[in-house]
Amino acid sequence: MALPMFYRTQLILLFLCISVLTAHAAKTTGISRLGHAIQMGAFSDVKNAERFTAKLQSKGIEAFYFRKDNGVYAVRFGDFPSKGKALAAAKRLVADRMIDSYYIAPPNEVVFSTPKGPGWQKPQPGEIKTPSPSLQPVVPNTAAVKPVPKPAKDKDNKDMGAIAARTAERFVGIPYRWGGDNVVDGMDCSGFVRAVYNLCGLSIPRSSRDQFKAGDLVTKDDLKDGDLVFFGSSADNINHVGIYVGGGKFVHAPRRGEEIRVTAVNENYFEKRFVGARRYF
């Protein structure tokens with residue numbers, strides 16, 4: 001006999017949570033390549049993307065949203081060991097009407113591989129689709145929104161740092177909230193950089209303190225695109241992190257609900273609190 005929808009939904013959520021927690025446990029001490037993920041799109045209103053992300057996170061599913069080149073927002077979540085497991089979970093969620101259309105993102109994918117560089121402007125109002133009245137996303141044109149494949153495997157890691165930096169810049173101007181209203185202070189900034197690296201196919205620890213313990217130590221004079229820069233009172237008390245994008249600047253989520261912005265590493269406030277930097281590529 002088939003299980004009622006409520007119980008089927010709970011089983012799906014339990015499976016997703018176990019997948020996330022298992023993967024997270026293996027990543028808290030270092031860095032690893034992401035598995036397959038489920039991506040939804042497209043929301044024309046960032047607030048709708050934010051609300052849906054918070055809804056998934058309230059169920060224990062680690063999710064985040066980002067803006068695509070066509071100006072609409074997509075939500076991505078999950079870390080599955082195979083495409084089959086991701087596809088099965090997505091189909092069950094569709095059947096239970098928790099999600100609508102979806103795309104299975106492979107582990108060897110980089111969403112943004114074309115550098116935009118500093119000064120990239122967000123799309124003009126006329127380039128953005130009319131907002132949907134509900135939280136259900138508009139069914140995307142898969143030919144238009146399919147992410148760009150990751151470069152060849154022998155691609156120099158330095159290029160991946162540049163891709164991470166350019167990806168971070170694409171968040172500039174977005175009012176970002178990591179985890180809705182229930183997240184502790186300091187998680188927005190680390191959640192933001194984690195989302196950027198996720199879009200580059202790499203998983204890094206969740207908290208800024210654990211992120212600081214991973215990767216290779218980088219001096220301030222040797223900073224390169226894609227490096228993470230950390231701030232606080234000491235290495236044991238880090239409370240802020242951002243992504244270095246060149247020219248002495250970094251992209252970060254300053255406070256809850258404020259827009260992602262670009263700031264100089266040597267700005268008085270941050271210069272006094274600079275603790276160190278780490279490189280992951």
#### Entry: Scan of the range 191-228 for residues that are among the polar types (S, T, N, Q), assigned to a helix (DSSP H, G or I) and under 10 Å from the mean Cα position of the chain (by Cα), ordered by number
ASN198
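Determine which member of the set VAL193, VAL241, VAL275, VAL218 is of a type in the set (A, V, I, L, M, F, W, C), farther than 22 Å from SER32 by Cα and touching a strand residue (DSSP E or B) at 6+ places or on another chain (Cβ under 6 Å).
Going through VAL193, VAL241, VAL275, VAL218 in turn, the sole match is VAL275.
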### Message
Being touching a residue at least 40 places away in the same chain (Cβ under 8 Å), aromatic (Phe, Trp, Tyr), in contact with a Lys or Arg (Cβ under 8 Å, 6 or more places away or on another chain) and closer than 22 Å to PRO175 by Cα is the requirement here; does TYR197 meet it?
### Response
no
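Quick note: the coordinates plus some simple rules give every number you see, no bench work behind them. What you are looking at is a predicted structure, and each value in this text was computed from that prediction instead of being measured. With ideal geometry, Cβ positions are generated from the backbone for all residues, glycine too; neighbour counts draw on all protein chains shown.
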